[in-house]
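First comes the structure, then the notes that go with it.
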Amino acid sequence: MHAAILTAILFALTGVCAAQASSMLGAGRANAWRLAIALGILALWIHGFGPGLKHGLMPWFPTAGAVGFGLGGWCAMQALRHGGSTLALLVIECVAALAATAIGWIALGAALHGPQLAWMALILIGVVLGASPGPLPALPRTLLRRACAFAMAAGCFQAVSINLSKHGFNLLENPVAPVEAAYQRLWGGFAAAILIHGVVRWGARGRRDPPVPMAPFPPSLLPAQAWVALNALFGPVLGVTCLMWAVSLVRNPGLVQTVAATATLLSIPAARPLEGARPRLSYFLGVTLSLAGVAGLLLA
């Protein structure tokens, strides 16, 4: 659970950075570039300072990366671009937590007992209460539906991805380092992201669509390249390494994903100067409930 808490903190930071990067570069370019930078950082660490790939190429981790980073990452970038970090993270993380728990229970046979489910429900209630309605931006209904649709798709892909990673850990006779698992996930994710970006650009070739509405963002404090680099560092490098660390230690990945859902609440203070999010009293009540839920899981 400690690794899951670190994941939540890092995911909160990467959500804010991703919203800025995607608003300036577009979803496809921002996703592809952040994965390329992250892949370079982890490749340097694994092959330059580490022992290399001890276990060789394990297909489950690249597959999980293709689903999570490729498909899920593109949908998440679209949701962040259209709805801002608070709304996108709220839907993505809550949908991912519910779906990951169900998939882990059904597909992996990792059942949860009553107290665990109760604490997880308390965390998600706190997240929903704390992130709505105050901090959400005033968006047109069409834009709100589009952002939520992309966010729900991203959450489902994220849930499938985390369970594929857990299945990969279960098949290994010898434990694999979380950073190695994160590195192999990145290979699949980067390949899928490049393919998706190319297909989207090819499909839009010669077509002039009306401008896509986006959430209003104040002028950025940093250039787009800086936001992409920070997004890569906090997300695919550090965040996913902590996520793999947590997933390798629990039976049902839904536990990890539920704790990671608190990233929504953690992102609101960081998003305030960048996106104008202003938490209300319900935010602090939601934080209290989520903290109680996380503490309950730690004690359980």
For this session: Take segment 122-133 and flag every residue that is crowded, with 16+ Cβ neighbours inside 10 Å and modelled with pLDDT under 80.
Result: Ser132
For this session: Taking the options Ala64, Ala36, Ala30, name whichever one is under 19 Å from the mean Cα position of the chain (by Cα), among the aliphatic types (A, V, I, L, M) and closer than 21 Å to Cys148 by Cα.
Result: Ala30
Seminar exercise, completed: Only one of (1) farther than 23 Å from Pro175 by Cβ; (2) under 13 Å from the mean Cα position of the chain (by Cα); (3) at pLDDT 90 or above; (4) surrounded by fewer than 24 Cβ atoms within 10 Å (Cβ to Cβ) does not apply to Ile92, and that is (4)
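A quick yes/no check of all residues on (1) modelled with pLDDT of 85 or more; (2) loosely packed, with under 13 Cβ neighbours inside 10 Å; (3) touching a Ser or Thr at 6+ places or on another chain (Cβ under 6 Å); (4) closer than 21 Å to Ile123 by Cα:
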{"position": "Val212", "(1), (2), (3), (4)": "no, yes, no, no"}
{"position": "Gly235", "(1), (2), (3), (4)": "yes, no, yes, no"}
{"position": "Ser267", "(1), (2), (3), (4)": "no, no, yes, yes"}
{"position": "Gly286", "(1), (2), (3), (4)": "yes, no, no, yes"}
Exercise. Can you tell which of Ala3, Ala38, Ala8, Ala64 is part of a helix (DSSP H, G or I), modelled with pLDDT of 90 or more and either more than 16 Å from Ala232 (Cα to Cα) or among the acidic types (Asp, Glu) (or both)?
Worked result: Ala64
Exercise. So Leu57 fits all but one of (1) within 14 Å of the chain's Cα centre (by Cα); (2) not in a helix (DSSP H, G or I); what number is the exception?
Worked result: (1)
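The values are calculated or read from the model by the stated rules, or taken from the named source; none is laboratory data. Remember, predicted model here, so these are calculated numbers, not experimental data. Cβ sites come from the backbone with ideal geometry, for glycine too, and all protein chains shown count toward neighbours.
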